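This report refers to the structure that appears directly beneath it.
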Amino acid sequence: HTGHCTRGLLLLSPWVDLMTKRPSIQCNAKYDFLCALPLESPLNPARTFYAPGCPLSPEMITEMAHPLVSPVYANFAEFPPTLIQAGEKEIIINKTSQLYKNIAAHNPNAKCGRYIYECYADMIHVFHQFLDLPDAQYVIAKAGEFIKAL
């Protein structure tokens, strides 16, 4: 959208697709603390956050794939500068990396460094919160540098 006033975005392990069809769910479920229940389960986190207590229906599935709910499907033309930081062992890492690819694809003429994706080896969802980890301290410092540069 032209004329946006957002100076930039810092996305820490963003959950950008409430649908649960992604390869990283199976391969990273043993590492990440996020729940990897199928969408059909009433205890699936996407369902409990989006529509608690509601039965799964075709309408709900359609809504959950809408760009306002699952922004990985959005149009990112003229998107503000963005730093995405995520952990390699997240169950949602596939869609996080897809988000970055979509932002970059919608902005082919953006200057270098406007869109940054950092994926940290062996890290889980929102590893930033574990301040005793050297990687957490490092990425928080990098996030601060990004914000200050906006």
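The values are calculated or read from the model by the stated rules, or taken from the named source; none is laboratory data. Source: prediction; values computed, not measured. Here the Cβ is made from the backbone with ideal geometry for all residues, glycine too, and neighbour counts use every protein chain on show. For accessibility, only protein heavy atoms count, side chains too; no ligands or nucleic acids. Shrake-Rupley method; radii C 1.70, N 1.55, O 1.52, S 1.80 Å.
Residues in the stretch 32-51 that are assigned to a loop (DSSP other than H, G, I, E, B) and either open to solvent by less than 30 Å² (accessible area, probe 1.4 Å) or in contact with a strand residue (DSSP E or B) (Cβ under 9 Å, 6 or more places away or on another chain) (or both) were compared, and the one that is nearest to Phe127 (Cα to Cα) is Asp32.
Residues being open to solvent by 50 Å² or more (accessible area, probe 1.4 Å) and either modelled with pLDDT under 90 or part of a loop (DSSP other than H, G, I, E, B) (or both): count how many of those fall in the stretch 52-66. Of the residues in that region, 6 qualify. Comparison of Ile116, Ile124, Ile84 shows that the only residue that is in contact with a Ser or Thr (Cβ under 9 Å, 6 or more places away or on another chain), modelled with pLDDT under 95 and of a type in the set (A, V, I, L, M) is Ile124. In the stretch 97-150, of all residues being among the basic types (Lys, Arg) and assigned to a loop (DSSP other than H, G, I, E, B), the one that is least open to solvent (accessible area, probe 1.4 Å) corresponds to Arg114. Taking each residue of the stretch 25-41 that is closer than 17 Å to Gly53 by Cβ and looking for partners that are of a type in the set (Ser, Thr, Tyr) and modelled with pLDDT under 75 with beta-carbon atoms closer than 9 Å, six or more apart or interchain, yields Leu37/Thr20; Leu39/Thr20.
Is it the case that some residue within the stretch 3-22 is surrounded by 12 or more Cβ atoms within 10 Å (Cβ to Cβ), charged (D, E, K, R), at pLDDT below 90 and closer than 22 Å to Ala105 by Cα?
Keep residues of the stretch 3-22 that are surrounded by 12 or more Cβ atoms within 10 Å (Cβ to Cβ), which gives 8-20, 22.
Imposing the further condition that a residue be charged (D, E, K, R) reduces the set to 17, 22.
Subset that is at pLDDT below 90: 22.
Subsequent filtering for residues that are closer than 22 Å to Ala105 by Cα retains 22.
Among the residues of the stretch 3-22, at least one is surrounded by 12 or more Cβ atoms within 10 Å (Cβ to Cβ), charged (D, E, K, R), at pLDDT below 90 and closer than 22 Å to Ala105 by Cα, which makes the answer yes.
Which one is surrounded by the most Cβ atoms within 10 Å (Cβ to Cβ), of the residues in the stretch 71-96 that are farther than 25 Å from Cys5 by Cβ and not charged (D, E, K, R)? Ranking the candidates gives Ala86 first.
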